[in-house]
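The values are calculated or read from the model by the stated rules, or taken from the named source; none is laboratory data. Keep in mind it's a predicted model, so treat the numbers as computed, not measured. Here the Cβ positions follow ideal geometry from the backbone for every residue, glycine too, while neighbour counts run over all protein chains shown.
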Amino acid sequence: MNKTPSPRPRGRALTRPAADWLAGLVIPLAVVAVVFVLDLRADMKGASDVLRSGLLSFTAGMLQLVVILAVAPWWSAGLVEKHAFGTLIAALRVTAMVVGATILLLLLAFVQDRDGFADLLKVQLVVLGVGLFVVGLSGGLRVLLRNTRAAAMLTSLPAFLVFATPFWGNVLIRLCGEVGRGWAWQFVVKVTPILACADAVPQDLFRHGERLLYESSLIIDAAAVFPAWWAYALITGLIGVALVWGVTFSRRHVIIRS
């Protein structure tokens, strides 16, 4: 007698072990490898230990943020499509990525007898807060729009624009004119995680000695009003947790009712 094959467990199929390994081990190892190579550069060795540690911690945070903004929205939207706990699974992946990278970076700094452990942890908290926010936002858009691709793209692309505001912010400030210049200036300085990580290190990203990031910059004096790293991490993290909880609750509610 032929037996009807039992349906494949949905949870096992949707956790995708390859993606879990990528988030928990492969990406953290890649980040640490890049940081290690940068630390071996001759010009970095000439810098003071405090400056070098801060720049390396900042670089590690930027690498992780780029990966999170590019990948995490697709994880969240794709998993929400088929699983009630999809957003939670994506949030756990991001958390595993950040925790794994933090542990490896701390070990690397300890082996190299470098300081700056506190700065590294501050940067990583900012990265985690942004990651949770991105995951929760993408999951929420997936529930509202019922379209995985649209939800992921509407999260990832604007997030990259916000991420890069220090580099194109002059355009926005000039376009807003005299009336909206103050608002635009605050937006450019306050919303990007780049400057929150710079505050955590701390580093003035707009000046390197006598050189400026770009000569005609309207935001070269922004160091005085960098967003506080702890406030940025706390706000984005709490909003992200609330969004993850809301998406999970709504998805379970829909499944139970159906």
### Query
Which of (1) at pLDDT below 95; (2) over 12 Å from the mean Cα position of the chain (by Cα) is the odd one out, the single condition Gly136 does not satisfy?
(1)
### Query
Of the residues that sit in the stretch 134-148 and are hydrophobic (A, V, I, L, M, F, W, C) and within 11 Å of Ser76 (Cβ to Cβ), which one is surrounded by the fewest Cβ atoms within 10 Å (Cβ to Cβ)?
Val143
### Query
What is the number of the single condition among (1) crowded, with 18+ Cβ neighbours inside 10 Å; (2) outside any helix (DSSP H, G or I) that Asp115 does not meet?
(1)
### Task
Kindly list, by first and then second residue, each pair from a residue in the stretch 156-175 that is farther than 10 Å from Val188 by Cα to a residue that is surrounded by fewer than 12 Cβ atoms within 10 Å (Cβ to Cβ) and charged (D, E, K, R), limited to pairs with Cβ atoms under 8 Å and residues at least 6 apart or on different chains.
none
### Message
Of all residues being of a type in the set (S, T, N, Q), within 23 Å of Ile194 (Cβ to Cβ) and buried (at least 20 other Cβ atoms within 10 Å of the Cβ) in the stretch 68-104, which is modelled with the highest pLDDT? Just the residue, please.
### Response
Thr102
## Note on the structure
Inside the stretch 85-131, the number of residues satisfying the requirement of being of a type in the set (Val, Ile, Thr) and either in contact with an Asp or Glu (Cβ under 6 Å, 6 or more places away or on another chain) or over 15 Å from Val32 (Cβ atoms) (or both) is 6
